[in-house]
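The values are calculated or read from the model by the stated rules, or taken from the named source; none is laboratory data. Bear in mind that the values here come from a model prediction, so they are computed numbers and not experimental data. Please note: Cβ atoms are built from the backbone with ideal geometry, for glycine as well, and neighbour counts cover all protein chains shown.
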Amino acid sequence: MEIIYILWLRQVKRYLRSKTRIIGSLGQPLLFMVAFGFGFGPIYSKAGGGDYLEFLVPGVIAMSILFTATFSGLEIIWDRQFGFLKEMLVAPVSRLQIMFGRSLGGATVAVIQGLIVFILSLFVGFQVSNWWLALAALAFMFLVAFLFTLFGTGIASLMKDAQGFQLIVNFLIMPLFFLSGAFFPLEGLPRALAVVVRANPLSYGVDGLRGTLVGLAQFSLLTDFTILFLAVIFLLVAASYLFSKIEA
């Protein structure tokens with residue numbers, strides 16, 4: 001358990017010390033909230049959808065967590081290039097503990113990032129419908145963060161090139177994000193698109209955040225939580241297997 005704590009703490013400290021990384025990662029979420037929230041807001045309101053900013057912010061929070069969590073896998077490639085990964089792999093600890101500690105640290109960093117975006121959203125006019133229920137949003141933030149940290153870890157375990165990792169991850173996570181219902185309601189979608197959206201695990205993370213923050217869940221919160229939890233278990237097994245085969 002000590003190695004899990006050490007690796008978790010290393011990930012969190014590395015993030016908190018990088019002020020440039022924290023500030024730089026807030027640019028895109030702020031752009032989405034301001035440009036889309038106020039730009040499309042009047043159109044969404046006239047269409048009878050209500051306040052678009054309230055609908056959009058949970059999706060932007062999920063986006064911030066998604067990108068931060070997935071790209072945490074890039075650190076595995078950097079550690080491999082600088083020799084740190086080799087030192088960890090020859091240590092008398094299981095690879096499962098190493099993978100779990102790193103993933104837990106990456107998920108914690110992603111949750112912190114999501115919380116920062118949430119706080120910023122309050123300054124641009126976002127309002128929480130029920131603060132007690134909003135506490136449950138932390139559970140959905142962590143599930144999304146852990147899920148996609150494992151996703152990034154699994155991909156990084158197969159690759160040795162940072163540029164290749166970024167290309168593949170961007171190719172995969174952009175469709176996951178745009179087909180998660182972060183920007184548009186899930187009602188009335190074409191049948192084929194509706195199937196894709198419902199097969200996307202991020203859809204349930206966005207829906208869970210939207211349900212706990214503003215009470216606009218398309219599915220039930222229990223459904224959202226259950227599917228995310230099962231997806232985490234599946235990727236935990238898959239990422240553990242891939243990481244166990246990694247060569248430094």
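Can you pull out the helices (runs of 4 or more DSSP H) entirely within region 181-244 that have at least 3 residues that are modelled with pLDDT of 85 or more and surrounded by fewer than 17 Cβ atoms within 10 Å (Cβ to Cβ)?
Details: elements: 191-199, 201-214, 221-244.
Counting at least 3 such residues, we get 191-199, 221-244.
Taking the residues in region 164-180 that are among the polar types (S, T, N, Q) and closer than 20 Å to residue 144 by Cβ as candidates, determine which candidate is surrounded by the fewest Cβ atoms within 10 Å (Cβ to Cβ). Once the filter is applied, the top-ranked residue is 170.
Restricting attention to region 130-157, which residues are within 16 Å of residue 170 (Cα to Cα) and of a type outside the set (Phe, Trp, Tyr)? Show your work before the answer.
Just the residues of region 130-157 that are within 16 Å of residue 170 (Cα to Cα), to begin with: 148-156.
Passing the criteria: 149, 150, 152, 153, 154, 155, 156.
Only one of 171, 142, 184, 165 is among the hydrophobic types (A, V, I, L, M, F, W, C) and touching a residue at least 40 places away in the same chain (Cβ under 8 Å). Can you tell me which?
Only one candidate passes the filter, namely 165.
Every test in (1) within 14 Å of residue 153 (Cβ to Cβ); (2) at pLDDT below 85 is passed by residue 81 save one, and that test is (1).
If you go through region 187-237 one residue at a time, how many are charged (D, E, K, R) and in contact (Cβ under 8 Å) with a residue 24 or more places away in the chain?
Start the filter on region 187-237 by keeping residues that are charged (D, E, K, R), which leaves 187, 191, 198, 207, 210, 224.
Narrowing further to those that are in contact (Cβ under 8 Å) with a residue 24 or more places away in the chain: 187, 207, 210, 224.
Qualifying residue count, region 187-237: 4.
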